[in-house]
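The structure under discussion appears below in the form of structure tokens.
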Amino acid sequence: MRRAAEPKRPREPRSRLGHRPDLRPGFETALAHARAWHAVHGHLAAPRDTRHDAYPLVMWLFSQRNRAKQRARAGMPPSPHLAELAAIDPWWNPPWDTFWQRNYYRARDHVEAGKPFEPAALSPSSSTALGSWITRACLQYHQLHPGQQHLLNAIGITPEVAHARTRRAYPWRAAVERAQAFAETHGHLAVPRDTAQDGFPLGRWLNKQRYRTRKTGPAPAAHALTAIDPYWNPPWGMTWQRAYHHARTHPRHPSTRRWLTKQHRTWPLLHPDQQHLLFHIAIAPPT
């Protein structure tokens, strides 16, 4: 009678470098090129086609990053030898793309060279490649990885500076902030035309954004408003939207009862999203 085969023991993860001593000289050669490049440039985020003394350094780094990601996906610990790369540049393999990292070093080198750098005052200008990248980094600041925020802080781009530059580069951001403040209090952006928020003519500004969106398509301000209130610019009239929010917040008011009766009567004519909103306030279709 044949014995059942014993289950294979899982192999302990280990780096190819540790398993193949003959690979060590090649690794040392690559590491020496990495150190030399870093000594000149202060980082290892070089463009992919970069060579150092004819050695394909960046292709080698690309390979090391891929192996590190493969091990991470497989739940394996990092290869011990990669600590030698991290000792040269802690951000040699960042959890974000190296394109962002290269642009960051361009900004860092700009600062260290003593060139004009006042992000809050739009210097470098957003019309330049570097300034455009800084503006985007400021706009996305709160969505960035903590490591990216740490690097930006090191060159003086703090949350306050990022906010100031964003407001200057995108004047509509100040208006969106007023819209956000209104929505946090009232739960919507279905405001009458004469509504003001902190002295800002919010109602008139929202009307202009609705008109512009319908004529030319959504601009960045429109995308920001949609994130605040998906129905800030509905495909039906704002009169209906304001009546809906009144019904939501004043369910026992006589005008609400009259309005809801009308919605029941005209239910088949309503937009599916209008019906969906009515479901949210426990209004079912007529049976």
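The values are calculated or read from the model by the stated rules, or taken from the named source; none is laboratory data. The model shown is predicted, which means the values in this text are computed figures rather than measured ones. No Cβ is skipped: glycine too gets one built from the backbone with ideal geometry, and neighbour counts run over all protein chains shown. Just so you know, the surface numbers come from the protein's heavy atoms only, side chains and all, with ligands and any DNA or RNA stripped out. Shrake-Rupley method; radii C 1.70, N 1.55, O 1.52, S 1.80 Å.
In the range 167-179, which residue that is touching a Leu at 6+ places or on another chain (Cβ under 9 Å) and either open to solvent by 20 Å² or more (accessible area, probe 1.4 Å) or at pLDDT below 90 (or both) is farthest from THR135 (Cα to Cα)? The residue in question is ARG178.
The residues in the range 126-147 that are out of contact with any Phe, Trp or Tyr (no Cβ under 6 Å at 6 or more places or on another chain) and either in contact (Cβ under 8 Å) with a residue 12 or more places away in the chain or open to solvent by less than 50 Å² (accessible area, probe 1.4 Å) (or both) can be counted, and the count is 14.
Considering the range 166-284, the qualifying helices (runs of 4 or more DSSP H), each wholly inside and each with 2 or more residues that are within 32 Å of the chain's Cα centre (by Cα), run over 172-186, 202-216, 220-228, 238-249, 272-280. Within the range 182-220, the set of residues being among the small types (Gly, Ala, Ser), open to solvent by less than 30 Å² (accessible area, probe 1.4 Å) and touching a residue at least 12 places away in the same chain (Cβ under 8 Å) comprises ALA183, ALA190, GLY203.
Only residues that are out of contact with any Asp or Glu (no Cβ under 9 Å at 6 or more places or on another chain), of a type in the set (Gly, Ala, Ser) and within 18 Å of PHE99 (Cβ to Cβ) were counted across the range 38-60, and they come to 1.
Restricting the range 44-59 to residues that are outside any loop (DSSP other than H, G, I, E, B) and touching a residue at least 24 places away in the same chain (Cβ under 8 Å) leaves a set whose member that is nearest to ARG108 (Cα to Cα) is LEU57.
For every residue, the table says whether it meets (1) part of a helix (DSSP H, G or I); (2) open to solvent by less than 40 Å² (accessible area, probe 1.4 Å); (3) farther than 16 Å from ALA34 by Cβ.
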| position | (1), (2), (3) |
| --- | --- |
| LEU82 | yes, yes, no |
| ALA87 | yes, no, no |
| TRP96 | no, yes, yes |
| GLN101 | yes, yes, no |
| ARG106 | yes, no, yes |
| ASP109 | yes, no, yes |
| LYS115 | no, no, yes |
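Among the residues of the range 60-80, those identified as part of a loop (DSSP other than H, G, I, E, B) and either loosely packed, with under 12 Cβ neighbours inside 10 Å or of a type in the set (D, E, K, R) (or both) are ALA74, GLY75, PRO77.
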